[in-house]
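Some notes on the structure that comes next.
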Amino acid sequence: MGSAPSEGTPGEPLAAFKIVVAGGFGVGKTTLVGAISEVRPLHTEEALTSAGVGLDDLSGVASKTTTTVAMDFGRITFGNHLVLYLFGTPGQERFWFMWDELSYGALGAVILADTRRLGDCFPAVDYFEKRRVPFVVAINCFDGAPRYDPRDVHIALDLDPGVPAVLCDARQRDSAKQVLIMLVEHVLASAAAGRSKPRRAQATGLA
Amino acid sequence: MSAGGNWDARDPGPVVRPYAVTGGRTEPAGGEVLDLITIVVASGKAAAADDPMGFTPEHRRILRLCQQPAAVADLASDTGLPLGVVRVLLADIILQGRITVLQRRGGERPRADLLKEVLHGLRAL
C-alpha cells in the first residue's frame, strides 16, 4: 500500500473516510445517517456546461444555467485523528455525477432497501458493483411493511454470495451502528481476500 | 404604460447568484478539484502586503473556519455556500499559501490498520 507522505503535523496524521448511503427515494437514508451522527445539509450548484461557455464571459457573474443538488451528511469522530463521513446520495437519481463524486475513494456503501419497493435499489446495486465499491444491503424494516428473510432479498437482488444483507431499523442508533460495523467488516474481509470478481447476469426486474 | 400587474410578486431567484461570489469562476484556480473529505487547515501565514486580489468576505469566512482542520464538505456546510463555490474560493486561498492541504484523499483503498481502528471506534459507540 503506497502510503502517501503525510503532510500533517507530527504525531497523529488525520485520516478521513467516507461511506456512501444510497437507495431509493424515501428509503430512510437521512434517517440512518441521523441515527448515528448529526445530520448537516450540503448543497452544490452544478453548472450545466454545454454551449456558450468560454473565456470571454466578461459579465463577471455566472450566466450559465445551474442546477441545485441537495444532500446531507454526518460525521463521526474517533479519538483525535480518525473521522468517518457518511454521505447520503441525492434523492434524485438523475444526479449521477454526484454519485461519482461521493463514491470516489469511498470506503464502501450501504444500500438501503425497502421490501415494498425493492426495485428502487437496483440502480444503486448496479452502480457499486460496476465500480467495485464494496457494499452491504440493509433492509429497512418500515412499520407495516412485509418482513422477508434477508436471504430472499439477497436472491431477489441477485447479490454476490459474499455481499451481506441484513434487516435494520434506520431510526435506531444501535441498528445503524450494526450496519456500519457490518460494512467495515465486509470491506476488511474483501480486502483480505484480495478479490472482487466481476459478475452479475442481467437482473430480472421485480418492480 | 402600465408596468404590469404583479411584477414584484414573481420569485426573483437568489439575491446573489451562486457563482457571483467567485466572480463567475466555476473552476478552481490551479485546476485541482479537492475531494469532499480532503482536510485543509490554515497555515498561519499572514496576508501578503501587496495582495493582488484581495479576499472577499467569503474567502475570509473559509479562512476563519480553517483555524481548525476541516474537510471540504464541512466548509460547504458551515458556510452554506455551494460545494463548487467553496472549492473555487479554497483554491484561491491555497494558492496564496494561507491554507494547506493536510490530507489529500485519493481514489486508493483505505489502509487496513486504519479501517480496524474505525471498526473498533464504531463498536465502542
Check: Which of the following residues is aliphatic (A, V, I, L, M), within 11 Å of chain A (Cβ to nearest Cβ) and farther than 30 Å from A:Ala191 by Cβ: B:Val85, B:Val72?
Finding: B:Val85
Notebook entry, point to check: What about A:Asp169, is it surrounded by fewer than 16 Cβ atoms within 10 Å (Cβ to Cβ) and under 21 Å from A:Gly34 (Cα atoms)?
Noted result: no
Check: Only one of these conditions is not met by B:Gly121: (1) modelled with pLDDT under 95; (2) touching a Gly at 6+ places or on another chain (Cβ under 9 Å); (3) among the small types (Gly, Ala, Ser); (4) farther than 19 Å from A:Tyr104 by Cβ. Which number is it?
Finding: (1)
Note to self: Just to be sure I understand the filter: pairs with C-beta atoms under 9 Å, separated by 6 or more residues or on different chains, first member in the range B:64-77 and under 21 Å from B:Ala47 (Cβ atoms), second member among the hydroxyl-bearing types (Ser, Thr, Tyr) and part of a helix (DSSP H, G or I). Which pairs pass?
What the structure shows: B:Leu65/B:Thr79
Notebook entry, point to check: Restricting to the range B:105-115, what's the tally of residues that are facing another protein chain (nearest Cβ under 7 Å) and part of a helix (DSSP H, G or I)?
Noted result: 3
Next item on the list: Using the structure shown, decide if A:Gln172 is of a type outside the set (A, V, I, L, M, F, W, C) and in contact with a Cys (Cβ under 9 Å, 6 or more places away or on another chain).
Entry: no
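Looking at A:Ala124, A:Ala109, A:Ala113, A:Ala70 in this structure, which one is within 14 Å of chain B (Cβ to nearest Cβ), small (Gly, Ala, Ser) and more than 21 Å from B:Leu75 (Cα to Cα)? Reasoning before the result, please.
On the way: A:Ala124 fails: within 14 Å of chain B (Cβ to nearest Cβ); A:Ala113 fails: within 14 Å of chain B (Cβ to nearest Cβ); A:Ala70 fails: more than 21 Å from B:Leu75 (Cα to Cα).
Unique residue meeting the criteria: A:Ala109.
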Margin query: Quick test of your reading of the structure: B:Leu102 fulfils all but one of (1) away from every other protein chain (no Cβ under 13 Å); (2) outside any helix (DSSP H, G or I); (3) touching a residue at least 12 places away in the same chain (Cβ under 8 Å). Name the failing condition by number.
Written below: (1)
Next item on the list: Please find, within the range B:99-114, the residue that is farthest from B:Ala42 (Cα to Cα) out of those that are surrounded by fewer than 20 Cβ atoms within 10 Å (Cβ to Cβ) and in contact with a helix residue (DSSP H, G or I) (Cβ under 9 Å, 6 or more places away or on another chain).
Entry: B:Ala112
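Filter the range A:83-112 for residues that are of a type in the set (Gly, Ala, Ser) and modelled with pLDDT of 95 or more; which is surrounded by the fewest Cβ atoms within 10 Å (Cβ to Cβ)?
Within the range A:83-112, the subset of a type in the set (Gly, Ala, Ser) is A:88, A:91, A:103, A:105-106, A:108-109.
Subset that is modelled with pLDDT of 95 or more: A:108-109.
On the way: A:Gly108: 24, A:Ala109: 28.
The qualifying residue surrounded by the fewest Cβ atoms within 10 Å (Cβ to Cβ) is A:Gly108.
The values are calculated or read from the model by the stated rules, or taken from the named source; none is laboratory data. Note that the coordinates shown come from a computational prediction; the quantities given were computed from them, not determined experimentally. Methodologically, a virtual Cβ is constructed for each residue, glycine included, from the backbone with ideal geometry; neighbour enumeration extends over all protein chains shown.
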